[in-house]
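Q: Below is the structure I would like to discuss, written out as structure tokens.
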């Protein structure tokens, strides 16, 4: 198959997009969101404790279950920090979930993957194929023993108790001066 030059430029542009999404973006503004992560297996929320331990045993509205999620790039790479403790959720080289004060390393960055069943899986960037996961009792599972299709890696994002979605203003129409064409189409539609 012979490639057309326009297709080549498209492929190079797409490759640069992939390369850029793998690097931390220090120029763009970070998007910071606050929510809880509901674990599908334990039925509780992920929490970051003061002793740097992470588990999924928190009730809805617990102070330690409130998480601050910061975007790392324009892709779906995020850093997750406990709002109460200030520790980032990271993964050790053995696959254990740990809390760190400084979340700048690749071991503290996760890729959000939205699954077909509308759950979210969080894959570690440094250790590809290793996911954040919890058992039925809420204990963290080793990342090396996890796969995307397992229930243990499925999470649902929920707003913390007491937080409400910002009230949306009604859509305002902008009144532009009419020209002949808009008058014609508008009059013909009203009949």
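Q: With a bin width of 10 angstrom, please list the P(r) values of the stretch 60-110 as percents of all Cα-Cα pairs, from the 0 bin to the one holding the largest distance.
A: 27, 51, 22, 0
Q: Also, I was wondering about something else. Relative contact order (percent) for the stretch 54-127, with alpha-carbon contacts under 8 angstrom and 6 or more residues of separation?
A: 22 percent
Q: Quick check: pseudo-label points 7 Å beyond the Cα along Cα→Cβ at residue 156 and residue 50, how many nm apart are they?
A: Roughly 3.2 nm, to one decimal.
Q: Next up: Just to be sure I understand the curve: with the Debye formula and one point per C-alpha of the stretch 27-158, what is log10 I(q)/I(0) at q = 0.12, 0.15, 0.17, 0.18 Å⁻¹?
A: Log10 I(q)/I(0), no solvent term: -0.37, -0.60, -0.80, -0.91.
Q: Could you work out the relative contact order of the stretch 27-158, using alpha carbon pairs under 8 angstrom and six or more residues apart, expressed as a whole percent?
A: 25 percent
Q: What is the stretch 96-158's relative contact order, in percent, from Cα pairs under 8 angstrom and six or more apart in sequence?
A: 28 percent.
Where a number appears in this text, it was derived from the coordinates with a stated rule and is not lab data. Just so we're clear, the structure is a prediction, and the values are computed from it rather than from any experiment. Cβ atoms come from the backbone with ideal geometry, glycine included; neighbour counts cover every protein chain shown.
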